Amino acid sequence: MIDLIKNEKEFTVLFFGMLMLDIIVKQYCPAFPYRYISRVPIILMLFFYYYFNNKERNKKKHLWIILALLMFFIGDILIINPTKIVFLGASLFFFSLGKIFLSFRFSHKFDFNISRLIPFSIAMFIYTVCIVSFLFNSLKVFFVPALISFFISLLLFQFAFLRKDAVNKISYIYVCIGVILYIISESMMAIKIFRTDIPLQDFLIMLLYGMALYCITIGIVKEQKRKIIINPF
């Protein structure tokens with residue numbers, strides 16, 4: 001089993017197989033107890049893949065990933081029943097914590113080009129304002145928590161974007177794709193819960209969310225720090 005987890009191709013087939021099974025269960029089976037059975041292995045598989053494959057020597061960064069996956073795991077369990085306001089609020093809290101821990105993990109001490117960040121930040125800010133404005137009348141007591149959650153997503157994307165010159169290209173691409181997919185999935189989930197239904201919403205939300213966490217985890221495992229060459233002249 002460990003050999004399967006360590007093999008990226010075999011793990012990918014297993015992961016997406018389990019993800020598709022969970023999506024089918026969500027669409028055609030009662031939430032209790034079937035979703036609690038099909039949902040649990042998704043995050044656990046990512047945890048074990050990271051545990052057995054990561055080469056991170058920084059214990060603090062290693063801890064950030066463990067905590068992030070744990071927060072997403074708890075949020076996943078709570079969001080299975082989003083009709084109860086307590087579960088919905090708690091899941092929003094744990095997902096936000098997961099994004100904060102990922103932001104800590106993506107932070108680095110390398111210099112970056114601030115001019116490259118400005119247009120990106122403006123675009124993400126406009127996107128966040130548009131989503132919140134669209135949901136404004138429906139959020140009610142969730143307005144502030146949702147606003148905070150969306151801006152944490154913006155912060156997460158900024159940290160992922162700023163990894164460009166600090167890590168290898170393949171890791172950077174995987175993580176950025178993962179964060180983008182997560183934000184799309186998160187936006188669709190918010191629209192579904194607070195505003196209106198979306199065609200193929202359950203399938204797309206779960207697929208994009210699963211792909212997002214997969215890409216982020218794979219990207220972090222593939223991460224290699226770039227060496228800075230200092231010109232003595």
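Do we find a residue being open to solvent by less than 20 Å² (accessible area, probe 1.4 Å), out of contact with any Leu (no Cβ under 9 Å at 6 or more places or on another chain) and within 16 Å of Tyr182 (Cβ to Cβ) anywhere in segment 143-150? Before you say what the answer is, go through the steps one by one.
Initial filter on segment 143-150 (open to solvent by less than 20 Å² (accessible area, probe 1.4 Å)): 146, 149-150.
Narrowing the set further to residues that are out of contact with any Leu (no Cβ under 9 Å at 6 or more places or on another chain) leaves 150.
Cutting the leftovers down to within 16 Å of Tyr182 (Cβ to Cβ) gives us 150.
Yes, some residue in segment 143-150 is open to solvent by less than 20 Å² (accessible area, probe 1.4 Å), out of contact with any Leu (no Cβ under 9 Å at 6 or more places or on another chain) and within 16 Å of Tyr182 (Cβ to Cβ).
Residue-level check: of (1) closer than 20 Å to Leu19 by Cα; (2) in contact (Cβ under 8 Å) with a residue 24 or more places away in the chain; (3) touching a helix residue (DSSP H, G or I) at 6+ places or on another chain (Cβ under 6 Å), Leu207 misses just (3). Every condition in (1) open to solvent by 10 Å² or more (accessible area, probe 1.4 Å); (2) in a helix (DSSP H, G or I); (3) under 25 Å from Val132 (Cα atoms); (4) not aromatic (Phe, Trp, Tyr) is met by Val175 except one, and the failing one is (1). The residues of segment 188-220 that are over 30 Å from Lys55 (Cβ atoms), touching a Ser or Thr at 6+ places or on another chain (Cβ under 6 Å) and at pLDDT 95 or above amount to a single one, Ile205. Does Ser185 qualify as being open to solvent by less than 60 Å² (accessible area, probe 1.4 Å), in contact with a Phe, Trp or Tyr (Cβ under 7 Å, 6 or more places away or on another chain), small (Gly, Ala, Ser) and at pLDDT 95 or above? Criteria met by Ser185. The conditions of being within 12 Å of the chain's Cα centre (by Cα) and not charged (D, E, K, R) are not met by Gly89.
If only residues of segment 145-180 that are within 17 Å of Ala212 (Cβ to Cβ) and not hydrophobic (A, V, I, L, M, F, W, C) are counted, the one that is nearest to the chain's Cα centre (by Cα) is Gly178. Within segment 159-172, the set of residues being open to solvent by 60 Å² or more (accessible area, probe 1.4 Å) and aliphatic (A, V, I, L, M) comprises Ile170 only.
Which ranges mark the helices (runs of 4 or more DSSP H) fully within segment 45-141 that have 1 or more residues being modelled with pLDDT under 90 and open to solvent by less than 30 Å² (accessible area, probe 1.4 Å)? Walk me through it before giving the result.
Values: elements: 59-79, 85-106, 114-139.
Of the helices (runs of 4 or more DSSP H) lying wholly inside segment 45-141, those with at least 1 residues that are modelled with pLDDT under 90 and open to solvent by less than 30 Å² (accessible area, probe 1.4 Å) span 114-139.
The values are calculated or read from the model by the stated rules, or taken from the named source; none is laboratory data. Remember, predicted model here, so these are calculated numbers, not experimental data. Using ideal geometry, Cβ is built from the backbone for each residue, glycine included, and neighbour counts are taken over all protein chains shown. Side chains included, ligands, DNA and RNA excluded: accessible areas come from the protein's heavy atoms. Shrake-Rupley method; radii C 1.70, N 1.55, O 1.52, S 1.80 Å.
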